[in-house]
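Remarks on the structure that follows.
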Amino acid sequence: MAISLQFLKRICNFAGTMNNTISGEPHRPGRIEVVCGSMFSGKTEELIRRLRRAKFAKQRVEIFKPAIDVRYSNEDVVSHDQNHILSTPIDSSASILLLSSDIDVIGIDEAQFFDNGLVDVCNELANRGVRVIIAGLDMDFRGIPFGPMPALCAIADDVTKVHAICVKCGNLAYVSHRTVADDRRVLLGETQQYEPLCRECYKKALEEEKERKNA
């Protein structure tokens with residue numbers, strides 16, 4: 001009995017689907033994925049999870065982070081829950097192109113600290129067929145969009161916004177509120193310097209700070 005070409009195509013597609021299911025993380029065409037939110041929302045945790053899945057699937061993975069971020073480790077990307085994965089610290093987004101030949105998946109942590117050239121770098125990588133996964137703060141402590149993150153969200157194929165819990169009321173957090181008197185935009189810190197707050201609690205915190213200054 002002759003086998004139709006359409007039937008053979010279906011068999012091939014089914015075999016490909018089964019192979020992807022077994023590996024757990026199929027090779028994807030070039031794309032940009034952004035994971036954003038406030039501090040303590042699990043951005044880096046989600047980045048590490050996706051990168052580990054890609055490694056388990058035998059894909060070639062490279063991770064980059066800004067060299068200024070040495071809070072937990074000089075080299076590793078480390079989440080607040082102390083999960084970590086080896087990375088390459090760099091000072092400029094242009095270095096990513098130089099260090100990412102023959103790579104299937106690229107992870108970028110703390111993307112808000114990079115220069116605006118990161119947008120073109122990520123676009124070029126995705127157009128080459130690379131899956132680019134980015135994690136970063138969408139807003140600074142003043143609630144202002146942070147660095148290249150707004151543009152990265154705009155060009156991304158997929159954007160995941162994750163939320164911390166407001167430490168005042170338990171609602172979903174909106175912003176990372178700075179609890180120390182320092183007006184620098186970039187201030188590396190943890191729970192001693194920042195707290196996640198919802199929109200209403202953030203407004204109240206700003207009003208209280210204003211009252212203290214005027215007292």
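No lab work stands behind these numbers, since they all come straight from the coordinates. Every value quoted in this text rests on a predicted model; they were computed, and no experiment measured them. We place every Cβ from the backbone using ideal geometry, glycine too, and count neighbours over all the protein chains shown.
With θ set to phi - 60° and the Karplus curve 6.51 cos²θ - 1.76 cosθ + 1.60, what are the ³J(HN,Hα) couplings of region 111-122 in order, to the nearest whole Hz, using x for Gly and Pro?
4, 5, 7, 7, 6, 5, x, 4, 4, 5, 4, 5
Provide the per-residue ³J(HN,Hα) series for region 173-182, in order, calculated from phi with Karplus coefficients 6.51, -1.76, 1.60 and θ = phi - 60°, each as a whole number of Hz, with x at glycine and proline positions.
6, 10, 8, 8, 8, 7, 9, 10, 7, 7
Just subtract the alpha-carbon distance of SER101 and ASP120 from 0.36 nm times their residue separation and send over the number in nm, one decimal.
Working: separation 19, 0.36 × 19 = 6.84 nm, distance 1.64 nm.
Additional length available on full extension: 5.2 nm.
Hey, which lysines would be in cross-link range of LYS65, C-alpha to C-alpha under 16 Å, not counting anything within fewer than 8 residues on its own chain?
Straight-distance partners of LYS65: LYS43.
Can you pull out the trypsin sites (Lys or Arg not before Pro) in region 92-170 whose DSSP state is coil and whose Cβ has at most 15 other Cβ atoms within 10 Å?
Numbers: sites: ARG128, ARG131, ARG142, LYS161, LYS168; in loops: ARG128, ARG142, LYS168.
Those that pass, being in a loop and sparsely packed, are ARG128, ARG142.
Cut-off under 19 Å on the C-alpha distance; same-chain residues fewer than 8 positions from LYS203 excluded. Which lysines are left, in chain and number order?
LYS203 reaches LYS168, LYS213.
Using unit Cβ charges (K, R positive; D, E negative) and no other charged atoms, how large, in debye to the nearest 20, is the dipole of region 101-215 about its Cα centre? All intermediate terms of the calculation are to be shown ahead of the outcome.
Values: 14 positive and 20 negative charges, 119 e Å.
The dipole of region 101-215 has a size of about 580 debye.
Could you give each residue of region 151-164 its phi-based ³J(HN,Hα) in whole Hz, using Karplus coefficients 6.51, -1.76, 1.60 with θ = phi - 60°, and x for Gly or Pro?
For region 151-164, the Karplus-derived couplings read 5, 5, 4, 5, 8, 5, 6, 8, 10, 10, 9, 9, 10, 7 Hz, x marking Gly and Pro.
What is the set of long-range amide H partners of THR179 at a cut-off below 5 Å, with H atoms built 1.01 Å from backbone N?
Result for THR179 returns TYR194, GLU195.
How long is the gain from ASP157 to GLU208 if the chain were fully straight, where each residue apart is worth 0.36 nm and the alpha carbon distance is subtracted?
That pair, ASP157 and GLU208, stretches by 14.3 nm at full extension.
Around ILE134, which amide H atoms from residues at least 5 apart in sequence, or from another chain, sit under 5 Å from its own amide H, with H modelled in the peptide plane?
Those lying under 5 Å, H to H, from ILE134 are GLU33, VAL34, VAL35, ILE108.
Which of the aspartates and glutamates could a cross-linker span from LYS210 if the Cα-Cα distance has to be under 16 Å and same-chain partners fewer than 8 positions apart are dropped?
Hits, sequence-local ones excluded: ASP182, ASP183, GLU200.
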